[in-house]
Amino acid sequence: MKQLVTEKHISTPIESVWNVLTDVNAWQEWNPLLIKGQGVVTKGERLIITFDQGGKHVTMKPRITELIDGTVLQWKGSLPIPGLFHGEHRFELTPLSETSTQLRHSEVFTGVLVPIVWPSMHKGLKEGFEAMNDALAHRAFQLYGKNATL
């Protein structure tokens, strides 16, 4: 098992950040990591997500495994062959004030391929998470700026 965790302070109300994050059909307008999303954010539903993996676009169909309205979105994706590679991607939002949110963006990787691919994917993936976190903060400010500060 390997885990990647990033955090970002976002100077925008939690509701604004949540609205941007869960509008998966608009990801292509702002998201540099998850460059396209389709679906409805509902527990048990599958999303269709295309992500940028070092210039290569990969599409997966993860299932939403946890959804706590306004605070937690988590999905699990895997390769078609059981046990090879699974990822549990998670977003947790915590209100710090009426105008400020803490984002914890993480993923836990399991499967027999993880030790093999981790050294080559870790750095780029961390950069991708951080780029998405920054873009999420910027997009929330762009859409809800009257209630936020950068």
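Read-outs: derived from the displayed coordinates by stated rules, not from any lab. Because the structure is predicted, anything quoted here is derived from the model rather than measured. Cβ coordinates were reconstructed from backbone atoms using ideal geometry, including for glycine residues, and neighbour counts include every protein chain displayed.
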Rounded to the nearest Å, the spacing of the alpha-carbon centers of region 1-69 and region 122-143 is 11 Å
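Based on alpha-carbon positions alone, could you give the equivalent ellipsoid semi-axes of region 69-110 from the gyration tensor, as √(5λ), descending, whole Å? Don't jump to the answer; show the numbers that get you there.
Details: eigenvalues 174, 14, 4 Å².
After scaling each eigenvalue by five and taking roots: 29, 8, 4 Å.
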Could you give the spread of the C-alpha atoms of region 62-150 along their three principal axes, from largest to smallest, in whole angstroms?
-> 47, 27, 19
Report Rg (one decimal) and Dmax (nearest whole number) for the chain, counting Cα atoms only, units Å.
-> 15.1, 48
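Report Rg(Cα)/(2.2 N^0.38 Å) for region 1-73, keeping two decimals.
Working: Rg = 13.0 Å, N = 73, 2.2 N^0.38 = 11.2 Å.
Its radius of gyration relative to the 2.2 N^0.38 Å reference: 1.15.
Could you give the length gained on full extension between S106 and K56, defined as 0.36 nm per residue of separation minus the Cα-Cα distance, in nm? Let's see the in-between values first.
On the way: separation 50, 0.36 × 50 = 18.00 nm, distance 2.12 nm.
Taking 0.36 nm per residue and subtracting the Cα distance, the gain is 15.9 nm.
As an exercise, identify the GluC sites (Glu not before Pro) in region 1-57 lying in DSSP coil whose Cβ has no more than 15 other Cβ atoms within 10 Å. Numbers along the way, then the final one.
Details: sites: E7, E15, E29, E45; in loops: E45.
Loop-located and lightly packed - E45.
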In percent, what relative contact order does region 2-145 have, based on Cα pairs under 8 Å that are 6 or more apart in sequence?
-> 31 percent
Set of lysines with alpha-carbon distance to K123 below 27 Å, sequence-local pairs under 8 removed | K2, K8, K36, K56, K61, K76
Per the rule of 0.36 nm per residue minus the C-alpha distance, extending S97 to W118 adds in nm 3.9 nm
To the nearest 500 deg cm²/dmol, what mean residue ellipticity at 222 nm is calculated for the chain from DSSP H runs of n ≥ 4 alone, each contributing -39,500 (n - 2.57), summed and divided by the residues?
-> -9000 deg cm²/dmol
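Using the Kirkwood radius over Cα pairs, work out the Stokes-Einstein diffusion coefficient for region 99-150 at 10 °C and 1.306 mPa s, in µm²/s as a whole number.
On the way: Rh = 13.2 Å.
Estimated diffusion coefficient is 120 µm²/s.
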